[in-house]
Amino acid sequence: MSTTDVTPATEGSREPSFRYTPALAQEIEQRWQDRWEERGTFHAANPTGALTGPGGAAATGSPFFIMDMFPYPSGAGLHVGHPLGYIATDVVGRFRRMQGDNVLHALGYDAFGLPAEQYAVQTGQHPRVTTEANIATMRRQLRRMGLAHDPRRTFATIDPEYVRWTQWIFLQIFDSWYDAEAVRADGGRGRARRISELRDELAVGTRAVPGYPAGTAWAGLSEVEQRDVVDAQRLAYVDESPVNWAPGLGTVLANEEVTADGRSERGNFPVFTKALRQWKMRITAYADRLTDDLELIDWPEKVKSMQRNWIGRSTGANVRFAAIGGGEVEVFTTRPDTLFGATFMVVSPEHPLLDEVPAVWPDGTKDVWAGGHKTPIEAVAAYRKAAAAKTAVERQADAGKKTGVFSGHLAVNPLTGTLIPVFTADYVLMGYGTGAIMAVPGGDERDYAFAKAFDLPVVYTVAPEGGLPEGFDDAWTGDGVTVSSPAPDAGDIPASDLVLNGLHVAEAKAATIAWLEQRGIGAGTVTYRLRDWLFSRQRYWGEPFPIVWDSEDRPVAIPEKMLPVDLPDVPDYAPRTFDPEDKDSSPEAPLGRNADWVNVTLDLGDGPKQYRRDTNTMPNWAGSCWYYLRYLDPTLTDGDAAVDPELERYWMGPRHNATSGVAGGVDLYVGGVEHAVLHLLYARFWHKVLFDLGFVSAVEPFGKLFNQGYIQAYAFRDAHGFPVPAAEVEGDEQTGWTWDGQAVTREYGKMGKSLKNVVTPDEMYEAYGADTFRVYEMSMGPLDLSRPWNTRDVVGSQRFLQRLWRNVVSEETGEVTVSDDAASTETLRAVHRTIADVTAEMEGMRPNTAIAKLITLNNHLTGLESVPRAAVEPLVLMTAPVAPHLAEELWSRLGHTESLAHEPFPVADAEYLVEDTVTCVVQVQGKVRGRLEVPPSISDADLQAAALAEPHVVKAMDGKPVRKVIVRAPRLVNIVV
RNA sequence: GCCCCGGUGGCGGAACUGGCAGACGCGCCCGACUCAAACUCGGGUUCCGCGAGGAGUGUGGGUUCGAGUCCCACCCGGGGCACCA
């Protein structure tokens, strides 16, 4: 290309004709974007198949798979905060490509889901129409940013060919069960196996029939009974159980989509617990692996701990307490060692023990226990009714207040033989553990509060930190971690043959569990907070289930050949919503509105039969659970699996030399922290099922995860509290802020239309160009930190690029001004120092400091009489990841005909990294008093002598004798007097 | 309440394993160019002090020859979890 095809910046001013202005930047940027696309510059080469590199090139270099959390194409459009992560991954990807890696980077669209559907309902257009329009807008905005994506590998989760594979994966999960004993490929125990293998084992009798008495013969069951047994084992199953129902949304939700205060994450509607027949996924079978394998991956500790908390594994013991009058109550406790102190029990209001209670209050019932009721039957019925009527919100609000009532049941503490009362109270949840607890008020705050409220005895069994409470004898020798049997005067507790005195908690737990197991009244066990994933939604805009229901009302898989099951045209795709508070309402699926679609005659292998289609759709998490696999080969339309195993092994297989390490997976996955327990947990679960079934070789889908921060913005409000356009506000921190002559107040937070503080990428392209925008976003601060957007500051990035341009091209003539004379040693040192630093900063994903070093070098070149080629070419190459268009343009003007995208990143020459002299700091009493220019190789003794002779140092020592000298040659000497 | 981050100039932020605090940028000040302004370019810019010098990384203690960095206690800000036995 020549220099003459550049449009000079005119604007009617006397600005130099060839200055790097926004207009010139835009021209350069669009030209290079077109060129990249024409040449396929960023095509990533697969090791096999049709997807080759630029010009049909084969795959070379180490595979590096980099990914963003793909966007949701909302109608609102992008603001400058959205692309931060995309620019960051682009910078990393471009850097790695220049280092010789085979970089796979593309972007798809997560396009099913509630907001798209709501937007469509509002605008009266079909969601497919609005969604595709939104995707087109977003593609345009993102292309204009110059992202080095492989354009052949983009897709949307709503594409029929994508839906086909989403449904296919569902069917794999449906066709699997979890064998906790089976050995899997990575050596651990427990994996998904095919349903056919379960049937075979049941048929030959090597596996007992679950849910039936031991010895039940499989052949003795009817066909329907057999199907029910098998269906109950599937990893995707239908189950009637209490689920989260949001009438205001018109759909049921997963636990992960409900906030702590009992509202829907989307829309903030109240959520009620309602028993409904719904699809679930058996994610609980993977609870241990989902916890343990966090150790294998390079993720932020914060996200790992959020997942650990969500899964909530706790180890302890189940203990059976015999109830008076027959039966028993099993409890779960994490502290079996405190069994001595269990002075009462509490069961959840939903606990089956309460279905039968004594007719009269037993002897010893205190008035406060009975709650004013004449009989336990009356008391328990009243309490259960009240508890059932409580909403999650009320229950949350009452947390801490202890309510409950005595059930009339008495049980025996197996360790002490003491009779203890069984209460029911809503602080015990049916959904956790066994729905019953042994209450140890001496060790548990909640139990203590309950004991105080109901006048129950308190027995301490563990020495608290900071000394012994009154009433304890010398058995308490510990420092807060010893346990003991209760002190002799702690209550009417008979002695036991289990003595824990003096043991540490862990030892005491183990001893108690051994004692319980020996007597067959308890066992060590593990409990999880995680519940199975509620997978069906009563919405239109999602993947239909590839399931039909037969005449026996049992689910039947649609054969793979018949996929995808497309969304039907329905008269009305709006969800059936209800009064948000109407908890008696029931979900109604929009897909049920098309009877012709629902009722079908299909030949599923045994002749044409009548079926009813499942009318649920999948949650929008389904599409994001496997999209990383789709990038590997988005053209795959048929075959036996959603991804070619060879491609998966190449891009994602376990490898020790990549950041993803032994677990394999995507090498770098960048996105917001908001998906810590939703998308990231669900995707790991699906991936592990696919691993068990042999479709993928990586143990984990995402080897390295990075959470980028958010770009936030200032918003301004007038005296009435109404937001005013932030762009028109004047003033600063000192003077205060005004808009249209009136004082306004400033606040800091999100960017949004309602706050009138949105800045769009399009505005940035127009006013500065994409490169300046990219450099600004990357130089604002560390990538994982949230920071405020300040349009005022963008000019700094523009000046940097302008100066870089001027170091190569004359603003007056447009001629390249670079000198081919040799560069000075000083300049070469600056260049190679910068190469070393920038490489390190880029490898550490710190573009902000990398840019600072680039600017420093550029400023150095600016000060030279003429800019040597040997200095500016490395600088241009190093700038390419952050400002690719300008770098390409300069590279081309410097006489290179190929794109620099695949040009090797500069490598520092060690010769120029050593200095002739270094500055040695001389401290007296730790304060800097003098400086010495010394050779780097100076000996400790020479340096000490020089330091002690330095005039400022001598003065500071003030004639005092030297007590000690610390020498860290060649950088530092500290003299102690 | 528990857990995890963070607190450095007027602002965004630098500072590798403890070793010159404030890189780079914004803003501001001074100067050059200009009739003038903008742009651009050069210089300065932690605070106090004319100066020598002194103080300084949320607060208070500690370890160390030496602490933004390590330890203890506390304050403030952000995030996560929260009656999970």
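Summary of computed values
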{"item": "A:Ala713 surrounded by 15 or more Cβ atoms within 10 Å (Cβ to Cβ), out of contact with any Gly (no Cβ under 6 Å at 6 or more places or on another chain) and within 21 Å of A:Val795 (Cα to Cα)", "result": "yes"}
{"item": "Of all residues in the stretch A:730-740 being within 39 Å of the chain's Cα centre (by Cα) and either surrounded by fewer than 10 Cβ atoms within 10 Å (Cβ to Cβ) or away from RNA strand B (no atom under 15 Å from the Cβ) (or both), the one that is modelled with the lowest pLDDT", "result": "A:Glu733"}
{"item": "Search result, residues across the stretch A:521-570 that are more than 22 Å from A:Ala622 (Cβ to Cβ) and within 16 Å of RNA strand B (Cβ to nearest atom)", "result": "A:Gly522, A:Ala523, A:Gly524, A:Thr525, A:Val526, A:Thr527, A:Tyr528, A:Arg529"}
{"item": "Any hit, the stretch A:139-160, residues being among the hydrophobic types (A, V, I, L, M, F, W, C), out of contact with any helix residue (DSSP H, G or I) (no Cβ under 9 Å at 6 or more places or on another chain) and touching a residue at least 12 places away in the same chain (Cβ under 8 Å)", "result": "no"}
{"item": "Residue tally, condition crowded, with 18+ Cβ neighbours inside 10 Å, hydroxyl-bearing (Ser, Thr, Tyr) and near RNA strand B (Cβ under 9 Å from one of its atoms), over the stretch A:331-361", "result": "3"}
{"item": "Any hit, the stretch A:320-330, residues being within 14 Å of RNA strand B (Cβ to nearest atom) and crowded, with 21+ Cβ neighbours inside 10 Å", "result": "yes"}
{"item": "In the stretch A:781-790, the residues that are in contact with a helix residue (DSSP H, G or I) (Cβ under 8 Å, 6 or more places away or on another chain) and either near RNA strand B (Cβ under 6 Å from one of its atoms) or at pLDDT below 90 (or both)", "result": "A:Gly781, A:Pro782"}
{"item": "Every residue from the stretch A:140-160 that is small (Gly, Ala, Ser) and outside any loop (DSSP other than H, G, I, E, B)", "result": "A:Ala156"}
{"item": "Residue within the stretch A:40-52 that is aromatic (Phe, Trp, Tyr) and more than 26 Å from A:Trp626 (Cα to Cα) present", "result": "no"}
{"item": "Flag for A:Asn599 being at pLDDT 95 or above and either among the hydrophobic types (A, V, I, L, M, F, W, C) or over 18 Å from A:Thr166 (Cα atoms) (or both)", "result": "yes"}
{"item": "Members of the stretch A:421-434 found to be crowded, with 20+ Cβ neighbours inside 10 Å and more than 6 Å from RNA strand B (Cβ to nearest atom), listed by number", "result": "A:Pro421, A:Val422, A:Phe423, A:Thr424, A:Ala425, A:Thr434"}
{"item": "Of all residues in the stretch A:371-394 being surrounded by fewer than 14 Cβ atoms within 10 Å (Cβ to Cβ) and over 19 Å from A:His351 (Cβ atoms), the one that is modelled with the lowest pLDDT", "result": "A:Glu394"}
{"item": "Every residue from the stretch A:900-926 that is surrounded by 12 or more Cβ atoms within 10 Å (Cβ to Cβ) and charged (D, E, K, R)", "result": "A:Glu903, A:Asp909, A:Glu915"}
{"item": "Single residue of A:Thr251, A:Thr259 found to be more than 30 Å from A:Gly524 (Cβ to Cβ), of a type in the set (Ser, Thr, Tyr) and crowded, with 20+ Cβ neighbours inside 10 Å", "result": "A:Thr251"}
{"item": "Qualifying residue in the stretch A:170-189 (condition: within 30 Å of A:Asp633 (Cβ to Cβ) and free of Cβ contacts under 8 Å to residues at least 40 places away in the same chain)", "result": "yes"}
{"item": "Residue that is over 25 Å from the mean Cα position of the chain (by Cα) and surrounded by 15 or more Cβ atoms within 10 Å (Cβ to Cβ), where the choices are A:Ala727, A:Ala743, A:Ala698, A:Ala641", "result": "A:Ala641"}
{"item": "Any chance A:Thr862 is among the β-branched types (Val, Ile, Thr) and surrounded by fewer than 17 Cβ atoms within 10 Å (Cβ to Cβ)", "result": "yes"}
{"item": "Among (1) loosely packed, with under 14 Cβ neighbours inside 10 Å; (2) touching a helix residue (DSSP H, G or I) at 6+ places or on another chain (Cβ under 6 Å); (3) in contact (Cβ under 8 Å) with a residue 24 or more places away in the chain - the single one A:Val224 does not satisfy", "result": "(2)"}
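The values are calculated or read from the model by the stated rules, or taken from the named source; none is laboratory data. Keep in mind the model is a prediction, meaning the values are calculated, not measured. Every residue, glycine as well, gets a Cβ built from its backbone with ideal geometry; the counts of neighbours run over all protein chains shown.
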